1. Against the longest alpha carbon principal axis of the chain, how many degrees, from 0 to 90 and to the nearest 10, is the axis of helix 18-29 turned?
2. Between H17 and T94, what is the label-to-label distance in nm when each label sits 7 Å out along the Cα-to-Cβ direction?
3. Taking Cα centroids, how far is the stretch 1-35 from the stretch 62-79 in Å?
4. Kindly provide the trypsin sites (Lys or Arg not before Pro) of the stretch 48-124 that DSSP labels as loop, not H, G, I, E or B, and whose Cβ sees at most 13 other Cβ atoms within 10 Å.
5. How much FRET efficiency would the formula 1/(1 + (r/R0)^6) give for E35 and R56, where r is the Cβ-Cβ distance and R0 is 41 Å, rounded to 0.05?
6. Identify the GluC sites (Glu not before Pro) of the stretch 67-130 meeting these criteria: DSSP loop state and at most 16 other C-beta atoms within 10 Å of the C-beta.
7. Starting from the Cα of R64, step 7 Å along the direction of its Cβ; do the same at L130; then give the gap between the two resulting points in nm.
8. Which FRET efficiency value, to the nearest 0.05, do you get for K123 and L26 by plugging their Cβ-Cβ distance into 1/(1 + (r/R0)^6) with R0 = 35 Å?
Amino acid sequence: MIGIDTNLLIRLAMQDHPVQCAKVDLFLANLSRREVGFISLVTLVESVWVLETRYRLPRLDIVRFVQELLDAPELKLEREEPVSQALQRFKASTADFADCLIERVSHHAGCTHTVTFDIAASKSSGMVLL
């Protein structure tokens with residue numbers, strides 16, 4: 001398994017730097033089910049944040065991109081089930097992806113609920129206002 005950093009995912013999503021994008025495409029083409037690329041939760045959350053804030057990518061484009069990562073057999077996302085659930089919640093609400101993921105990972109860890117001071121997160125991500 002080979003870890004993948006945020007900047008590679010951004011190049012993959014945006015195709016905005018010809019030299020680096022070519023390297024990413026070649027790297028991904030050389031991955032397989034035996035030698036997969038690993039995407040950590042931190043990398044995923046940071047990538048979504050960059051796509052939202054720097055590139056102003058629409059929510060549905062981000063949903064499609066993360067779903068493509070989940071579906072790619074040569075990629076392994078950390079905690080795929082809660083990521084998939086968080087993605088569906090993100091798609092159907094106004095919640096931040098990070099808030100959806102925090103709540104879903106906590107749920108999968110056995111938490112009865114996740115508390116927050118963030119009013120918006122409590123209304124849309126499944127968290128409970130403290």
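1. Long axis of 18-29 versus the principal axis of the chain: about 80 degrees.
2. 3.5 nm
3. The stretch 1-35 and the stretch 62-79 have Cα centres spaced 13 Å from each other.
4. For trypsin sites (Lys or Arg not before Pro) across the stretch 48-124 that sit outside H, G, I, E and B with at most 13 neighbouring Cβ atoms in 10 Å, the list reads R54, R56.
5. Plugging the Cβ-Cβ distance into 1/(1 + (r/R0)^6) gives 0.75.
6. Of the GluC sites (Glu not before Pro), the ones in loops of the stretch 67-130 whose Cβ has at most 16 other Cβ atoms within 10 Å are E74, E78.
7. It is 3.9 nm.
8. Efficiency at R0 = 35 Å is approximately 0.20.
Taken together, the values in this text are just the output of simple stated rules run on the coordinates, not laboratory data. Computed from a predicted structure; not experimentally measured. So basically every Cβ, Gly included, is an ideal-geometry build from the backbone, and we count neighbours across all protein chains shown.
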